[in-house]
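Every number in this text was worked out from the coordinates using simple rules, so none of it is lab data. Source: prediction; values computed, not measured. When we count neighbours, we look across all protein chains shown, and the Cβ atoms used for this are built from the backbone with ideal geometry, even at glycine.
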Number of protein chains: 2
Amino acid sequence: MTGTALRIALAHHEAWFAKDLDLAMTYVADDIVCDAPAGRLEGAAAYRAFLAPFVQILLGTRMIGAFGDDETALIMYDTETVPVPHAPGAEHLTIAHGKITRNVFLFDRAPFDAARRSAT
Amino acid sequence: MTGTALRIALAHHEAWFAKDLDLAMTYVADDIVCDAPAGRLEGAAAYRAFLAPFVQILLGTRMIGAFGDDETALIMYDTETVPVPHAPGAEHLTIAHGKITRNVFLFDRAPFDAARRSAT
């Protein structure tokens, strides 16, 4: 459970799980590239815009697993959100010079799509 | 990248990525409990029935990250499938006595749902 990359990844997640996006973004490189379920996000502004709606609906989080070395970290967590009671996520993060430069961000969009359809 | 659990997890995945479900299932406990996107699966037969359709549509795989210790492993991979060209998955596996006893299995169902809808 040690490694520089894991420490940065966990600090980032502790901040955004606490809904402190300003703090969370201090761990994100300006030129981050994130492969999210809906497609590739490029740059810190796009990444923040991706996280922001999720933070709005977040009710709780639980870390399932977290590993890493000096360059990469892999974490899985469960989240409780307003529309979806169990919405797990997994992220594979690459860290350089103390900032997250790459993220492969995985979650299941299906229950969010279903909640959106039933709300309309 | 070491640890008993990771070795078992990687051997399991090497087998099912090679479409050898018989070999893959030798690493799975009879009483496995798997939390998959559509719900909980209990027992090796249910787990095999969950993997089997996926193996049928599998065209290629690429490991993104794999970590573990003596009891748990966390892996993320990308898959190429017939309906969905990039379908990443992540699994958090718990291993006891050389067998996978728990798995939190995450992938995005949305593109599979979309492919199914467009096929009908």
Worksheet item: In deg cm²/dmol, rounded to 500, what helix-only [θ] at 222 nm does the protein assembly as shown give when every DSSP H run of at least 4 residues adds -39500 (n - 2.57) and the total is split over its residues?
Response: -10500 deg cm²/dmol
Discussion item. Ordered shortest first, which distances in nm separate the 7 Å Cα→C-beta label point of B:Arg116 from those of the other copies?
Written reply: 1.9
Discussion item. I need the phi-derived Karplus couplings for region A:87-97: 6.51 cos²θ - 1.76 cosθ + 1.60, θ = phi - 60°, integer Hz, Gly and Pro marked x.
Written reply: 10, x, x, 9, 9, 10, 10, 10, 10, 9, 6
Practice prompt. Report, for B:Gln56, each distance to the same residue's label point in the other copies, shortest first and in nm; define the point 7 Å along Cα→Cβ.
Written response: 4.1
Discussion item. Run the label-point distances for A:Arg40 please: 7 Å along Cα to Cβ, every other copy, nanometres, shortest first.
Written reply: 4.1
Worksheet item: Ordered by residue, what ³J(HN,Hα) values in Hz, to whole numbers, does region B:53-64 give under the Karplus form 6.51 cos²θ - 1.76 cosθ + 1.60, where θ = phi - 60° and Gly and Pro are x?
Response: x, 5, 4, 5, 9, 6, 10, x, 9, 8, 6, 8
Worksheet item: GNM on chain A, C-alpha springs below 10 Å: top fluctuator among A:Ala24, A:Ala11, A:Ala49?
Response: A:Ala49
